[in-house]
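Just passing along the structure, written as structure tokens.
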Amino acid sequence: MALKARVLYDFNSENPGEISITENELVNLFTEEELEGWLEGENSRGEIGLFPASYVEVIRDHITSNNNGYSSPKSKALTPTHTSYSSSDTQSQRGPGAGSGGSGGGSFHTSHGSDDDWDDDWDDSSPATEAPQGYSSTPPLYPVTSSLPGRRESTQLHQHHAKSSGTVGRNLNRFSTFVKSGGEAFLLGEASAFVKDGDKICVVMGKHGPEWQEDPYPFTCTIDDPTKQTKFKGMKSYMSYGLTPTHTNIQVNRRYKHFDWLYARLVERFPVISVPHLPEKQATGRFEEDFISKRRKGLIWWMNHMISHPVLAHCDVFQHFLTCGADEKAWKQGKRKAERDELVGANFFLTISTPPVQLDPQEVEGKIEGFKTFTKVMDENCVIVNATINEFARKQAAGFKKEYQKVGQSFKLLAQAFELDQQAFSVGLNKAIENTGEAYEAIGEYFAEQPRHDLDPISDLLDLYRGHLANFPDIIHVQKGALTKVKDCPKQEGELHNRCNIISCATLAEIQHFHRTRVRDFRSQMQHHLRQQISFFQKITAKLEDTLQRYDDDQY
């Protein structure tokens with residue numbers, strides 16, 4: 001007989017591998033063995049996947065009576081528990097098949113490919129006594145409860161008590177972005193960490209609202225063409241990129257996995273900052289020229305967005321990535337320090353210094369809703385533009401080239417036919433027509449080559465911004481979660497309002513930075529596109545003018 005369980009609370013799946021379940025629904029369990037707090041089973045709709053073990057109660061065949069005279073399962077059912085997470089555990093622990101946390105609680109992927117193992121000279125093997133990654137061996141800096149009341153009646157009682165006593169209740173969904181990011185813990189005053197002056201992040205009031213304080217020490221960074229390196233006496237190969245930041249002018253070598261490690265640290269550190277996505281990984285063809293070129297271009301875009309962000313550009317982990325050379329010991333020390341950083345999750349908000357102005361919550365909510373609508377429409381249109389230009393590029397590379405070559409070949413056949421007349425005075429005309437055919441074939445090659453100069457860069461930019469747009473729903477969710485808490489709280493709760501104001505200022509500052517960067521990037525890229533188009537058609541015009549002159553140069 002299949003093992004069954006009754007659902008105690010609603011759960012909406014958020015990641016691949018999970019399934020949604022509703023209160024009082026009966027689900028089939030494949031096993032009672034928990035997978036890091038998750039169970040695997042089948043819901044009433046026939047969907048198979050994972051759901052939280054604490055959200056269900058196993059149904060036993062034998063029932064006994066307790067001291068109160070009520071019937072209950074003979075064995076202790078799976079019930080909700082209180083859990084404390086350390087500041088390093090900002091991402092919710094999930095079972096197999098579930099996604100990892102991303103920027104602001106979204107999705108990101110860490111490298112597990114054959115080219116991304118941490119087994120070379122840059123490796124940093126942790127001592128055997130250390131706790132596994134995702135768990136902390138030190139006392140938590142702030143407690144985050146994942147407890148749920150045992151019955152609906154107690155939920156209503158708890159909510160009534162919270163409103164009548166002026167306290168703020170917790171989010172009952174421990175998997176929500178608001179909880180995972182540390183936003184709830186910070187809002188409730190449970191964040192605790194020592195913040196040095198160098199770790200402080202300033203938000204100032206600009207012309208259009210809160211914005212990150214301008215970077216007083218801007219710099220740039222170049223990424224050279226990668227070189228193929230080997231280790232283990234040539235048994236393993238990888239690509240190494242040379243990075244040279246202008247504020248040191250010292251080159252450091254990094255592999256893609258080092259970028260990937262950095263990305264994961266930054267996502268964990270900054271829950272309301274959009275960390276640009278890295279170019280996609282590829283299991284095969286990693287050493288092919290086209291893939292290497294595309295990845296390098298993607299990394300250049302990524303680096304440009306990193307160094308143009310006032311906060312990301314000067315955070316310690318990013319600077320360590322840019323400046324730590326071949327000193328293996330120094331690299332490992334910096335790596336360990338970054339992985340044990342206390343200023344993540346809820347503690348990140350302690351680093352933010354805001355202007356002495358209280359934002360109007362209703363005005364903030366209106367701006368957030370407007371930005372939410374904007375990002376949705378922008379994402380939809382980015383998809384349309386990308387599909388359109390990719391199709392156009394395909395036509396240029398295949399269709400246009402083929403058609404121009406057909407025209408060119410037909411002119412050359414005409415020239416060959418004219419040569420059969422054996423008239424001396426027609427030689428010049430024959431050569432001019434043949435040259436016209438060659439010109440059309442060359443123009444076909446121009447069309448095939450052109451997309452990489454003017455269309456591909458736009459596609460790369462759209463891909464980068466779609467990554468940003470994918471980050472913002474979770475960033476917005478953190479801010480809206482804070483506003484919701486404040487709405488349920490009396491006005492005299494000043495500290496709560498102040499902490500919500502910090503989250504709002506940081507979110508609006510990030511939105512403002514996004515818009516400024518977007519305007520800069522798209523203006524520059526469209527200018528580049530049009531210049532390339534003008535140059536392209538000028539090249540075609542020059543080719544046709546040269547061909548036309550051939551008819552004037554020869555006497556018939």
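Taking 0.36 nm per residue of sequence separation and subtracting the Cα-Cα distance, how much length would be gained by fully extending the chain between Leu548 and Glu419, in nm to one decimal?
Separation in residues times 0.36 nm, less the Cα-Cα distance, equals 44.5 nm.
Give the Debye-formula value of log10 I(q)/I(0) at each listed q (0.11, 0.13, 0.14, 0.19 Å⁻¹), with one equal scatterer per alpha carbon of segment 388-469, two decimals each.
-0.45, -0.54, -0.59, -0.79
Can you give me the long-range amide H partners of Ile201? Hydrogens built in the peptide plane at 1.01 Å from N, cutoff under 5 Å, separation of 5 or more residues or another chain.
Residues meeting the criterion, in which the H sits 1.01 Å from N, are Ile352, Ser353.
Given a 1.4 Å probe, how much area per residue of segment 401-488 is accessible, in Å²?
In whole numbers, segment 401-488 has 47 Å² accessible per residue.
Roll a 1.4 angstrom probe over the protein heavy atoms and tell me the percent of accessible area of segment 354-402 that is carbon or sulfur.
Looking at segment 354-402 in its full context, I get 62 percent from C and S.
Taking the radius of gyration and the Kirkwood hydrodynamic radius from Cα positions alone, what is the Rg/Rh ratio for segment 414-553, to two decimal places?
On the Cα set of segment 414-553, Rg over Rh gives 1.47.
Is segment 1-51 rounded, prolate or oblate when judged by the Cα gyration tensor, a ≥ b ≥ c being the square roots of its eigenvalues, rounded requiring a/c under 1.5 and prolate requiring a/b larger than b/c? Could the numbers behind the result be given before it?
Details: a/c = 1.41, a/b = 1.08, b/c = 1.31.
Rounded, because the longest to shortest axis ratio a/c is under 1.5.
Using 0.36 nm per residue of separation minus the Cα-Cα distance, give me the extension gain between Leu429 and Asp327 in nm, one decimal.
Taking Leu429 through Asp327 to full extension adds about 29.7 nm, to one decimal.
If you average the sequence gap of Cα pairs under 8 Å that are 6 or more apart and divide by the length of segment 404-514, what percent do you get for the contact order?
RCO, segment 404-514: 22 percent.
For the pairs Lys281/Lys335; Lys200/Lys485; Lys412/Lys543, note any where the Cα-Cα span goes beyond 24 Å.
Lys200/Lys485
Take segment 253-304, compute every pairwise Cα distance, and split them into 10 Å bins from 0; I just need the percent in each bin.
22, 52, 22, 4
Another question about this same structure. Taking H as built 1.01 Å from N, whose amide H comes closer than 5 Å to the amide H of Leu39, not counting residues under 5 places away?
Hits under the 5 Å cutoff: Phe51, Ala53.
Return the tail of the calculated pair distribution for segment 221-325, meaning the percent of Cα-Cα pairs more than 16 Å apart.
Across segment 221-325, Cα pairs with separations above 16 Å total 59 percent.
Rounded, prolate or oblate for segment 471-510? Axes are the square roots of the Cα gyration tensor eigenvalues, ordered a ≥ b ≥ c, and the cut-off for rounded is a/c under 1.5.
Values: a/c = 4.21, a/b = 1.80, b/c = 2.34.
The shape class here is oblate.
Using only the alpha-carbon atoms of segment 472-556, report the extent along each of the three principal axes, biggest first, to the nearest angstrom.
98, 16, 13
Check which residues have an amide H placed less than 5 Å from Lys236's amide H, if you skip close sequence neighbours.
Placed amide hydrogens put Lys231 under 5 Å from Lys236.
Using θ = phi - 60° and the Karplus form 6.51 cos²θ - 1.76 cosθ + 1.60, what ³J(HN,Hα) does each residue of segment 531-545 get, whole Hz, x for Gly and Pro?
Whole-Hz 3J(HN,Hα) from phi for segment 531-545: 4, 5, 5, 4, 4, 4, 6, 5, 5, 5, 4, 4, 5, 5, 5.
Would you please classify the overall shape of segment 285-416 from the alpha carbon gyration tensor, given that a ≥ b ≥ c denote the square roots of the eigenvalues, rounded means a/c under 1.5, and beyond that prolate means a/b larger than b/c while oblate covers the rest?
On the way: a/c = 4.55, a/b = 1.68, b/c = 2.71.
Verdict is oblate for segment 285-416.
For segment 307-322, what does the Karplus curve 6.51 cos²θ - 1.76 cosθ + 1.60, with θ = phi - 60°, yield as ³J(HN,Hα) per residue in whole Hz, taken in order and with x for Gly and Pro?
6, 8, 8, x, 8, 4, 4, 10, 6, 4, 5, 5, 5, 4, 4, 7
Give me the one-decimal nm value for the distance between modelled label points at Gln251 and Glu380, 7 Å along each residue's Cα-to-Cβ direction.
It works out to 4.8 nm between the two label points.
Taking θ as phi - 60°, what are the ³J(HN,Hα) couplings along segment 210-225 by the Karplus curve (6.51, -1.76, 1.60), each to the nearest whole Hz, with x for Gly and Pro?
Values, residue by residue: x, 8, 5, 4, 4, 5, x, 10, x, 8, 10, 8, 9, 10, 6, 4 Hz.
The values are calculated or read from the model by the stated rules, or taken from the named source; none is laboratory data. Quick caveat, the model's predicted, so the values are computed rather than measured. FYI the Cβ positions are ideal-geometry reconstructions off the backbone, even for glycines, and counts take in every protein chain you see. Please note that ligands, DNA and RNA were not included when accessible areas were found on the heavy atoms of the full protein model with its side chains. Shrake-Rupley method; radii C 1.70, N 1.55, O 1.52, S 1.80 Å.
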